[in-house]
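Asker: The structure's right below; bear with me while I get my questions together.
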Amino acid sequence: MIIETSADKIKKTLSENDEKLRRYVELLIKANEAARLTGPSDREILWNDHITDCAAAVFLLPRAGRVIDVGTGGGLPGIVWAICRKDLSVTLLDSVAKKMAQVEKITRLLGLNNVKTVCARSEDYAKENKEKFSVVTARAVTAAGVLAELLTPFAKIGGRIIAFKGQKVTEELEAVGNRWGELGLSSPKLTRYSFDDKKRFFLIWEKIARAPKGIPRRPGMAEKFPWYEVRGAK
C-alpha cells in the first residue's frame, strides 16, 4: 500500500521553522570542517536534499512522546524533528564519538532542550533501553530487513518505526517477504512523497508485539547474518 503526501505540507513545516532550520544548516556546515557529518557542505544541497527530506516526515510523528534517531550522523532527521516539534523528546544515537561531539555542540548552540545525545552502538544501547520509544527512525543506514532488526528492540508496543528509503525499497522488502511479525512488527506501509521532482519513500512499521528473545544480537551480527536468512524461509 502506497500513501501520498503533498509538497504543500512539507513547505508549511519548513516555513514555520525557517529561521532555526537555516541556523542548523550553518552550524552543520561549520561542524563538517571538524568531523564529516554529511556528504555535502553546500547550503542549497543541504536544504533541498536533507532538511526538506527530514521535514517531510514531521506529519508522521505523534503529538508527544520519546523519539530515537539511530545512526544520526549529523543529526538528521532528529535535530530537524526536535526543531519542528518541541513537544517531543528526541534521542540522537551514533557510535562515532567525533561526530557526536559536534552534534552535541550543535544542539547546545540551537538551544534544543528536548534533545539528548548518546554515543554507543545501537545494539548495546537497545539492551539498556528496550521498548521505551514511541518512534524509532533511521535515515540512509542499511537494507530494510537488517534495519528492522536493529530498530525493533527500541520501539514500544503501539509505537512505530520510520525508515527513509529510496527507489530500491521494493527489492529490500521482497527479500524478507511476509515475515515481519517475527520481529514483533506489522507489515510495512510505504508513504511516497515528492519534492523538487524527487520521489522518495518512508517505510513504516507498527510495533505490535515484543521483540523476540535474542534481539538485539551482538554488534555486527544483524548485517553479517540477516535474521530472515539465518532462520530460513517460511
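The values are calculated or read from the model by the stated rules, or taken from the named source; none is laboratory data. Everything numeric in this text was worked out from a predicted model, so none of it was measured. When we count neighbours, we look across all protein chains shown, and the Cβ atoms used for this are built from the backbone with ideal geometry, even at glycine.
Asker: Do we have any residue at all in the stretch 59-78 that's within 17 Å of residue 109 (Cα to Cα), in contact with a helix residue (DSSP H, G or I) (Cβ under 9 Å, 6 or more places away or on another chain), in a helix (DSSP H, G or I) and not charged (D, E, K, R)?
Answerer: yes
Asker: Identify the residue in the stretch 1-23 that is more than 20 Å from residue 110 (Cα to Cα) and part of a helix (DSSP H, G or I) and, among all such residues, is nearest to the chain's Cα centre (by Cα). Show your work before the answer.
Answerer: Of the residues in the stretch 1-23, the ones more than 20 Å from residue 110 (Cα to Cα) are 1-12.
Narrowing further to those that are part of a helix (DSSP H, G or I): 7-12.
Working: 7: 20, 8: 22, 9: 19, 10: 17, 11: 20, 12: 21 Å.
The extreme case among them is 10.
Asker: Does residue 82 count as touching a Ser or Thr at 6+ places or on another chain (Cβ under 8 Å) and without any contact (Cβ under 8 Å) to a residue 60 or more places away in the chain?
Answerer: Details: touching a Ser or Thr at 6+ places or on another chain (Cβ under 8 Å): yes; without any contact (Cβ under 8 Å) to a residue 60 or more places away in the chain: yes.
In short, yes.
Asker: Out of (1) part of a strand (DSSP E or B); (2) within 16 Å of residue 165 (Cα to Cα); (3) not β-branched (Val, Ile, Thr), the odd one out for residue 50 is which?
Answerer: With respect to (1) part of a strand (DSSP E or B); (2) within 16 Å of residue 165 (Cα to Cα); (3) not β-branched (Val, Ile, Thr), residue 50 is out only on (1).
Asker: Given the criterion of a type outside the set (Asp, Glu), in contact with a helix residue (DSSP H, G or I) (Cβ under 9 Å, 6 or more places away or on another chain) and modelled with pLDDT under 95, identify the matching residue among 112, 88, 37, 93.
Answerer: On the way: 112 fails: modelled with pLDDT under 95; 88 fails: modelled with pLDDT under 95; 93 fails: modelled with pLDDT under 95.
Unique residue meeting the criteria: 37.
Asker: So is residue 23 modelled with pLDDT of 95 or more, in contact with a strand residue (DSSP E or B) (Cβ under 6 Å, 6 or more places away or on another chain) and either surrounded by 15 or more Cβ atoms within 10 Å (Cβ to Cβ) or of a type outside the set (A, V, I, L, M, F, W, C) (or both) or not?
Answerer: Details: modelled with pLDDT of 95 or more: yes; in contact with a strand residue (DSSP E or B) (Cβ under 6 Å, 6 or more places away or on another chain): no; either surrounded by 15 or more Cβ atoms within 10 Å (Cβ to Cβ) or of a type outside the set (A, V, I, L, M, F, W, C) (or both): yes.
It is false that residue 23 is modelled with pLDDT of 95 or more, in contact with a strand residue (DSSP E or B) (Cβ under 6 Å, 6 or more places away or on another chain) and either surrounded by 15 or more Cβ atoms within 10 Å (Cβ to Cβ) or of a type outside the set (A, V, I, L, M, F, W, C) (or both).
Asker: Here's another thing I want to ask about it. In the stretch 24-39, what residues are outside any helix (DSSP H, G or I), under 13 Å from residue 76 (Cβ atoms) and within 19 Å of the chain's Cα centre (by Cα)? Walk me through it before giving the result.
Answerer: Looking only at the stretch 24-39, we keep the residues that are outside any helix (DSSP H, G or I), and these are 32-39.
Then drop every residue that is not under 13 Å from residue 76 (Cβ atoms), which leaves 32, 37-39.
Correct list: 37, 38, 39.
Asker: If you don't mind, there's one more thing I want to ask. Tell me which residues, restricted to the stretch 64-90, are of a type in the set (A, V, I, L, M) and either crowded, with 24+ Cβ neighbours inside 10 Å or at positive phi (or both).
Answerer: Taking the stretch 64-90 first, the residues of a type in the set (A, V, I, L, M) are 64, 67-68, 70, 76, 79-80, 82-83, 88, 90.
Residues satisfying the conditions are 67, 68, 70, 76, 79, 80, 82, 83, 90.
Asker: Here is a further query. Step by step: first the residues of the stretch 91-137, then only those that are without any contact (Cβ under 8 Å) to a residue 60 or more places away in the chain and assigned to a helix (DSSP H, G or I), then the one that is surrounded by the fewest Cβ atoms within 10 Å (Cβ to Cβ). Which residue is that?
Answerer: Among them, the one singled out is 128.
Asker: Select, from 53, 8, the only residue that is touching a residue at least 60 places away in the same chain (Cβ under 8 Å) and among the acidic types (Asp, Glu).
Answerer: Details: 8 fails: touching a residue at least 60 places away in the same chain (Cβ under 8 Å).
After applying the criteria, what remains is 53.
Asker: Modelled with pLDDT of 90 or more, touching a Ser or Thr at 6+ places or on another chain (Cβ under 9 Å), more than 27 Å from residue 134 (Cβ to Cβ) and of a type outside the set (Lys, Arg), is that true of residue 61? Spell out how you get there, then give the answer.
Answerer: On the way: modelled with pLDDT of 90 or more: yes; touching a Ser or Thr at 6+ places or on another chain (Cβ under 9 Å): yes; more than 27 Å from residue 134 (Cβ to Cβ): no; of a type outside the set (Lys, Arg): yes.
Here the answer is no, as residue 61 does not meet what is asked.
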